[in-house]
Amino acid sequence: MKNGTVRLLVIGVILGIILWGGFNTALEVTNTEQFCISCHEMEATVYQELQDTPHYTNRTGVRATCPDCHVPKEWIHKIVRKIKASNEIYHKILGTIDTPEKFEAKRMQLAQNVWKSMKSTDSRECRNCHAFDSMDFDKQEARSVNKHEEMEEAGEAHDASSKEGRTCIDCHKGIAHQLPDGFDPAWNSPGE
Amino acid sequence: MKKSIVTMLVAVVTLVFAGAAASDTMSLRGGQPIEDDSKAPAKAKMVIKEGGLERSFKTAPPSVPHKIDKEQINLKVNTCMKCHSAETYKKEKAPQAGKDGSHYLDRNGKKTAKVAARRYFCNQCHTPQVDKAPLVENTFQGAK
């Protein structure tokens, strides 16, 4: 009887490691650039545009791949995002954006979805790399410093309302992909 | 006899001049053989100047005193207008594009709501500058 309990425990632990490890490995596989661009919908459009931007090629050779900006790092948010991605599989099967023309027609809607979610998380994925704490304002252009300092102070005071709860994406839309037709540049310049 | 002397003289003079020309004339590409790839020029820093750059002459289109390599000017969008449009220039503390209205007129002189199509490509006239001496000496002085 006692022997049986120990055996069950050992089997349980081993099975747990295998199942959890397998789940995690599968999760990580879906979190690579290679996986994202295995669909031509991503490869032929947004991935091509990304390559012209500093997030792909730059002076220091640090590269941000798709999941760095589009999948949260924290476990619980990551799982939520992964579940939401089932919608993407659904539309892949439907072929909603399977030609460049269809994609272009939907670009505004798709872009707005991303802007909305980034705004709602206070641009969490941007801040995984770009933290105010690590910014050397002396090395930024004056026009950038003024705004970043303002934003940092507003953030420290937890007084988001003073700057209408502004966050990275409010000024930095279209930095990694082309902007949609009908985009008003003033959208990147939130009011006083 | 006389003819051959003249011919010889002409030949000598031609040779002397040709020799002189070959040694004195240097093209802008230097001693670079024409079939070789030319060497890349030394890199130069983009000029970033608060308050703007001085114009070369009174009616010159002002130069861009900041980097523009991340801006997009294409069929869909012109991101220069994020700061330089009539609605945003004040809060962005940027000069307004064509504040005399010149950039908001079509070719028939009609007012346009957005920046006119023929003024759409900002960097046809307004360009960023690099900190570099001109290739050829230039004594141009514009009417101030």
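Bear in mind that the values in this text are calculations on the coordinates, not laboratory data. In this text the structure is predicted, and so the values were computed from the model without any measurement. Neighbour counts run over all protein chains shown; Cβ positions are idealised from the backbone, glycine included.
For this structure, a couple of remarks:
- Most fluctuating residue given options A:Glu125, A:Glu104, A:Glu150, as computed from a GNM of chain A linking Cα atoms under 10 Å: A:Glu150
- For B:Val64, distant residues with modelled amide H under 5 Å away: B:Thr127, B:Gln129
- The trypsin sites (Lys or Arg not before Pro) of segment A:1-62 that DSSP puts in a loop, and whose beta carbon has at most 14 other beta carbons within 10 Å, are A:Arg59.
- DSSP-assigned coil residues among chymotrypsin sites (Phe, Trp or Tyr not before Pro) in segment B:99-144, each with at most 14 further Cβ atoms within 10 Å: B:Phe121, B:Phe140
- Legend: mean number of C-beta atoms from other chains within 10 angstrom of residue C-beta atoms, peptide A:166-177, equals 1.
- Within segment A:73-165, chymotrypsin sites (Phe, Trp or Tyr not before Pro) in DSSP loop having at most 15 other beta-carbon neighbours inside 10 Å: none
- Rounded to the nearest 10 degrees, the inclination of helix A:75-84 to the longest alpha-carbon principal axis of chain A is 80 degrees.
- Chain A: radius of gyration and largest Cα-Cα distance (Dmax), Å: 21.2, 75
- For B:Leu105, distant residues with modelled amide H under 5 Å away: B:Thr112, B:Ala116
- Phi-based couplings in Hz for segment B:52-61 (Karplus 6.51, -1.76, 1.60; Gly and Pro marked x): x, 9, 5, 7, 6, 8, 3, 9, 5, x
- In order along segment A:105-121, the Karplus-derived 3J(HN,Hα) couplings, from 6.51 cos²θ - 1.76 cosθ + 1.60 at θ = phi - 60°, round to 5, 9, 4, 4, 4, 4, 4, 5, 4, 5, 4, 5, 5, 5, 4, 6, 9 Hz, and Gly and Pro are given as x.
- Convex hull per residue volume in Å³, alpha carbons only, for the protein assembly as shown: 318
- Per residue Cα convex hull volume in Å³ - calculated over segment B:44-131: 115
- Along segment A:91-103 the Karplus relation, 6.51 cos²θ - 1.76 cosθ + 1.60 evaluated at θ = phi - 60°, assigns HN-Hα couplings of 6, 4, 5, 5, x, 4, 10, 7, 10, x, 5, 4, 4 Hz to successive residues, with x for each Gly and Pro.
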